[in-house]
Amino acid sequence: MIQAADNYSNIRQEIDRCAKKHGRDPKEILLLAISKTHPWGRIEPVYGAGCRAFGESKMQEALPKIAEAPQDISWHWIGTLQKNKVRKAIGVFALIHSVEDLALAQKISECSKEKGVETHVLLEVNTSGEATKHGLKEEEWQEVFQEVVALPNLVVEGLMTLGPHVSDSEVIRASFRSLRMLKEALNGLLPKEKQMHHLSMGMSGDYLIAVEEGATIVRVGAGIFGMRR
Ligand SMILES: *Cc1c(COP(=O)(O)O)cnc(C)c1O
């Protein structure tokens with residue numbers, strides 16, 4: 001799968017060019033390679049091309065893969081996280097992108113406290129209003145935000161969204177823009193040392209729009225590894 005390594009390098013360069021064109025520092029944008037469904041053998045060439053951050057969404061698939069892979073990788077959790085799987089994720093994933101409500105944040109906080117670690121998370125926002133999407137809506141997060149950031153052993157690094165499932169790029173852009181504006185609004189409620197820095201948005205079809213709108217993490221699967229079966 002040398003192709004995947006080339007894809008990774010090309011997308012990285014494309015992101016760098018797009019960032020510079022919009023007055024952004026490319027170094028502040030992480031290209032997270034979404035490796036779900038792919039065995040380590042297919043992921044390794046992308047690691048060889050310099051990628052050190054991969055995203056997974058199924059626990060029984062991710063844990064053996066992580067055990068097999070080199071230690072210098074940051075693994076991110078991007079999938080739905082069931083409460084009974086939280087304990088398994090704590091201490092394994094560098095960042096959990098998909099905290100979809102207050103109850104899940106509380107559970108992560110509780111388990112992290114038990115294990116004596118801090119867990120870094122993003123709050124998943126349903127910016128499109130699509131019923132299939134997880135995460136609270138903007139105004140729902142605003143209601144519980146103070147409670148979430150006060151939870152012990154939980155560090156809220158930012159927000160995550162999935163763009164709407166449409167072809168109109170302006171509709172997608174509006175969704176990413178609303179995530180950025182929500183981050184700014186919520187940061188206004190936080191002291192300086194607790195400011196959130198991350199916006200995880202953009203996938204294979206829309207990562208450049210996301211970079212233009214301020215993404216700090218783009219999550220690209222098919223664009224790197226090809227279509228999933
Ligand atoms: C699968 C997945 C991606 C990657 O999607 P592609 O279209 O393959 O780039 C990104 N984010 C989440 C949450 C996913 O589940």
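The values are calculated or read from the model by the stated rules, or taken from the named source; none is laboratory data. Not measured: the values here are computed from a predicted model. Cβ coordinates were reconstructed from backbone atoms using ideal geometry, including for glycine residues, and neighbour counts include every protein chain displayed. Accessible surface areas use protein heavy atoms only, side chains included; no ligands, DNA or RNA. Shrake-Rupley method; radii C 1.70, N 1.55, O 1.52, S 1.80 Å.
Numbers at a glance
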| read-out | value |
| --- | --- |
| Any chance Met181 is closer than 19 Å to His134 by Cβ and either hydrophobic (A, V, I, L, M, F, W, C) or open to solvent by 20 Å² or more (accessible area, probe 1.4 Å) (or both) | no |
| Top-ranked residue of the stretch 89-139 - restricted to ones that are small (Gly, Ala, Ser) and in a loop (DSSP other than H, G, I, E, B), ranked as farthest from the ligand (Cβ to nearest atom) | Gly116 |
| Leu81, sole failed condition from (1) surrounded by fewer than 22 Cβ atoms within 10 Å (Cβ to Cβ); (2) within 16 Å of the ligand (Cβ to nearest atom) | (1) |
| Any hit, the stretch 160-173, residues being within 16 Å of the ligand (Cβ to nearest atom), open to solvent by less than 50 Å² (accessible area, probe 1.4 Å) and under 21 Å from Gln106 (Cα atoms) | yes |
| Every pair of residues 6+ apart whose Cβ atoms lie under 7 Å, when the first sits in the stretch 80-94 and is modelled with pLDDT of 95 or more while the second is part of a loop (DSSP other than H, G, I, E, B) and not hydrophobic (A, V, I, L, M, F, W, C) | Thr80/His134 |
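Listed here are the residues, each with its yes/no results for (1) at pLDDT 95 or above; (2) among the aromatic types (Phe, Trp, Tyr); (3) touching a strand residue (DSSP E or B) at 6+ places or on another chain (Cβ under 7 Å).
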{"position": "Ile2", "(1), (2), (3)": "no, no, no"}
{"position": "Tyr8", "(1), (2), (3)": "yes, yes, yes"}
{"position": "Arg17", "(1), (2), (3)": "yes, no, no"}
{"position": "Gly23", "(1), (2), (3)": "yes, no, no"}
{"position": "Ile43", "(1), (2), (3)": "yes, no, yes"}
{"position": "Gly48", "(1), (2), (3)": "yes, no, no"}
{"position": "Lys58", "(1), (2), (3)": "yes, no, no"}
{"position": "Trp77", "(1), (2), (3)": "yes, yes, yes"}
